[in-house]
Amino acid sequence: MQAMRNLFRGSWSSAERLDGKTVVITGANTGIGKETAIDLAKRGAKIIMACRDPERGQAAVKEVIETSANENIVYMKLDLADSKSIREFAEAINKDEPKLNILINNAGVMVCPYGKTADGFEMQIGVNHMGHFLLTHLLIDLIKKSAPARIVTVSSMAHSWGTIKLDDINSEKNYEKRAAYSQSKLANILFTRSLAKRLEDTGVTAYSLHPGVVQTDLWRHLSGPQRVIMKMVSPFTKNSSQGAQTSIYCAVEPSLAEESGGYYSDCAPANCAAAGKDDVLAQKLWDLSCQMWSITWE
């Protein structure tokens, strides 16, 4: 059983430093986002913890400072379900930060009841993909200016069961929460693939990843039978610190500096589903995302 547990967790360590670097992590107040913040803070980076809830965000900042012994940690409000909040956050970053070396698109919602964001998107595609798409767009010039820089987007193996419904991206015709979640995670991989192509020769690289099956707050919307299943497999799941390792790997591993657009799991390159390698679908999703936000991003 121990061997099987290790199979799920991978192993990686690095003494790489991030002194003088600035990092934005969305959803950094809990779970793998917070663990990622702690690790990168220990490496000397300035960490901007972008979270929706001020009280939980400030509490997490205090914890990261105490754990990492790095005082250069700040909370900034960011609600990925509201474009007004995204734009205000990005405006403040662009105004106040001279550089942004690492953006980690970590925040997410999972298998939640049907709901819509402030901008009318189904909640899972809206937060997990559309919100991060707009945020990255608004910060991309600063990120390019800060090259070498990295953009890391947390996806999931659930992308394997996903289908991008270009004619019903908001699941208005039919909503099944697991299908909507899988769609949003496939969108993360396609976004990363498209982003990497557009960032060629800029010094900015992009990565998507599966963190593993991690016991986090994302489980809160699971129903009775699903909770039973997750309890059964829990001996083989990762805790938040273990789940953060692939995010950290993609953010700091020196050997990845010349790689971009790939998908990773257990701190190593991994194969994503065929749909995640579909460049035609990736372009269509990119065009749709720009259209829905009324932005131009060549």
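None of the figures in this text is laboratory data; all of them are computed from the coordinates on show. Keep in mind it's a predicted model, so treat the numbers as computed, not measured. When we count neighbours, we look across all protein chains shown, and the Cβ atoms used for this are built from the backbone with ideal geometry, even at glycine.
In whole Hz and in residue order, list the ³J(HN,Hα) couplings for the range 183-196 that follow from phi through the Karplus curve 6.51 cos²θ - 1.76 cosθ + 1.60, θ = phi - 60°; x for Gly and Pro.
Calculated HN-Hα couplings, in order: 4, 5, 6, 5, 4, 4, 6, 5, 4, 4, 4, 5, 4, 4 Hz.
Based on the mean of other Cβ atoms within 10 Å per residue, sort peptides 248-256, 202-210, 13-21 so the most packed one is first.
On the way: 248-256: 19.2, 202-210: 23.2, 13-21: 12.6.
Packing order, densest peptide first, comes out as 202-210, 248-256, 13-21.
Which of the lysines could be linked to Lys165 by a straight reach, that is with a Cα gap under 18 Å, when you skip same-chain ones fewer than 8 residues away?
Lys116, Lys173, Lys177, Lys185, Lys277, Lys284
Using each residue's phi in the range 151-162, evaluate 6.51 cos²θ - 1.76 cosθ + 1.60 at θ = phi - 60° and report the 3J(HN,Hα) Karplus result to the nearest Hz, with x for Gly and Pro.
After applying 6.51 cos²θ - 1.76 cosθ + 1.60, I find 10, 10, 10, 7, 9, 6, 4, 4, 4, 4, 9, x Hz.
Note down the nm distance, to one decimal, between modelled labels 7 Å out along Cα→Cβ at Asp167 and at Lys145.
Going from the Asp167 label point to the Lys145 one covers 4.4 nm.
Among DSSP bridges having both ends in the chain, what percentage is antiparallel? Round to the nearest 5.
10 percent
Between Thr296 and Glu63, what's the calculated FRET efficiency when r is the beta-carbon distance and R0 is 41 Å? Round to 0.05.
Values: r = 40 Å, r/R0 = 0.98.
Plugging the Cβ-Cβ distance into 1/(1 + (r/R0)^6) gives 0.55.
Starting from the Kirkwood Rh over alpha-carbon pairs, what translational D in µm² s⁻¹ does the chain have by Stokes-Einstein at 20 °C and 1.002 mPa s?
Translational D for this selection: 112 µm²/s.
Label points 7 Å out from Cα along the Cβ direction at Lys95 and Glu259: separation in nm?
3.9 nm
Near the amide H of Cys267, under 5 Å away, which other amide H atoms are found, from residues 5 or more places off or on another chain, if H is placed in the peptide plane?
Thr246
Among the DSSP beta bridges whose two residues both lie in the range 1-135, what percent are antiparallel, rounded to the nearest 5?
Of all bridge pairs located within the range 1-135, approximately 5 percent are antiparallel.
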